[in-house]
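Derivation of every value follows stated rules applied to the coordinates shown; laboratory data play no part. In this text the structure is predicted, and so the values were computed from the model without any measurement. For neighbour counting, all protein chains shown are included, and Cβ atoms are generated from backbone atoms with ideal geometry for every residue, glycine included.
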2 protein chains.
Amino acid sequence: MTEQMTPREELTLLRPAPRRMLADEVYEILRESLISQRIPPGARLNLDRLARELHVSNTPVRQALSRLEADGLVQKEPYVGFTASPLLDSRTIEQLYDLRLLIEPTNAERAASAVAREGVDELTAICVGADALLAESSAEHAEALGAADMEFHVSIARSAGNDVITAHLHEVLTQMSRYTLYTSDDAAHLAWAEHRTILDAIDASDSGAATEAMRQHLRRGLHRVQDLVN
Amino acid sequence: MTEQMTPREELTLLRPAPRRMLADEVYEILRESLISQRIPPGARLNLDRLARELHVSNTPVRQALSRLEADGLVQKEPYVGFTASPLLDSRTIEQLYDLRLLIEPTNAERAASAVAREGVDELTAICVGADALLAESSAEHAEALGAADMEFHVSIARSAGNDVITAHLHEVLTQMSRYTLYTSDDAAHLAWAEHRTILDAIDASDSGAATEAMRQHLRRGLHRVQDLVN
DNA sequence: GCTGGAAACTTCGTACACGATTCTGCTAGC
DNA sequence: GCTAGCAGAATCGTGTACGAAGTTTCCAGC
């Protein structure tokens, strides 16, 4: 094998399978539009219009919408079309937090027990980044803060070492992602203070404290969201 | 509003949205073929050939395969194609059971605490049906027993009253569905005896016993699957 | 004001063109 | 003679365009 290779081959080696299709691009665009509510909940999604606006055919749009349906961000009715999922009702929000309370305290406990240094570094980086955004304006960076929140919790799940749980938590957080709750300045600062508490407990390898900190964070988060909804 | 309505409207009321599309049919067929391993793990799924065999065009097949990818039953590589997901490795199986241990004991506890009669009736019906199959031949009805197993656990989740958790458990069980483990006669009888223990505890509203019975059932189930894999 | 039905619109399915990938077979070099 | 490398062809997935099927809307008629 020669050491010299074409640029194409180099790229192939560097990125094992990130060959993006058109549908992937459409998916990303629509996903962001839905989470940011630039496409409002309940809005009907016309296939042809989306295709025209994005300068593609309807097949990639259909594929993207199917994936978004699996994510729970859009709903489909056969022969009628897709609509942006309505905002979650208070009952569903409770149920989502209920599930999170079953798995995330254990994630925190295991992350605290784990020896991996890199996990703590990643969490620290996320918190530092969020603090920088908070120092400016939580309202302006609501979207970025929401993404950072998701990363924080997913990162803990990764540190806990169970990929299946990580994937399912990712799904749950995706469904909740429109409730960034960082529209309120108070809520944003409170939430990230609680994140810091969790991080400190994990850093100190205090699994008991990590568990309890996560449990409290989730309970308080539920109350914050409920205050917003009602 | 008149009491008289057309047959069409009656049907619409009876079935809220079961307007089946071609893609749904294809999905069902492929899903069953994959779970039963009539399509073996790792097999490449040719789009055109499937379309020809099922007498449809490739669009419905593509849609069905996309949904199956979300279920984890097939994997896709862009510009290459779909392949039936390989059999789960021992580590992933452990992780799946790990997640089940986080949520299912609580499901059993809540189902036992719930007052709903119908939940217990449904569970009883499932167990009676399974016993009938077991009395004949567990090997011959391996597929039906696997489906009944899934229904049993999902039914408990429903009784526990959290739809979000029920949906996620359904996903987890789908991924495990190729490990029906009812190929072994012993394992089948053991598993359904444990199911009966759980049912009895729920029927007696003994939430502590239900929790513990579920926990033991899952631990033993993991060992049975591991014995099969190794 | 209500019912019935037709037109308009949208989605669903088919057929085909394009492009990427993979396989085959040939050639060059050892 | 054998292997590595490369070019061409066949294969298969992706995207486009169009026709078929179903739903919604609107208007005429009662």
Of all chain A residues, the one whose C-beta is nearest the axis that brings A onto B, in angstrom: A:A70, 2
log₁₀ of I(q)/I(0) at q = 0.09, 0.12 Å⁻¹ - the protein assembly as shown, Debye sum with one point per alpha carbon: -0.72, -1.30
Bins of 5 Å, starting at 0 and running to the largest distance - Cα pair percent for chain A: 1, 6, 12, 15, 16, 14, 12, 10, 7, 4, 2, 0, 0, 0
Inter-copy label distances at A:P78 (7 Å, Cα→Cβ; nm, one decimal): 3.1
Exam field: A:A139 pseudo-label spacings to other copies (7 Å along Cα-Cβ), nanometres: 7.2
Estimated 222 nm signal from helices in chain A, with DSSP H stretches of n ≥ 4 weighted -39500 (n - 2.57), rounded to 500: -23500 deg cm²/dmol
Other-chain or far-sequence residues with amide H under 5 Å of A:V74's (modelled H): A:E69, A:S85
Kyte-Doolittle mean at least 0.0, axial Cα span of 15 Å or more - DSSP H helices of chain A: A:22-35, A:117-136, A:142-160, A:163-176
Chain B, relative contact order in percent, only Cα pairs under 8 angstrom and at least six apart counted: 22
Local net charge near A:L190, Cβ-Cβ under 10 Å (Lys/Arg +1, Asp/Glu -1): -1
Calculated label separations, B:R215, copies of the chain, 7 Å along the beta-carbon direction, nm: 1.5
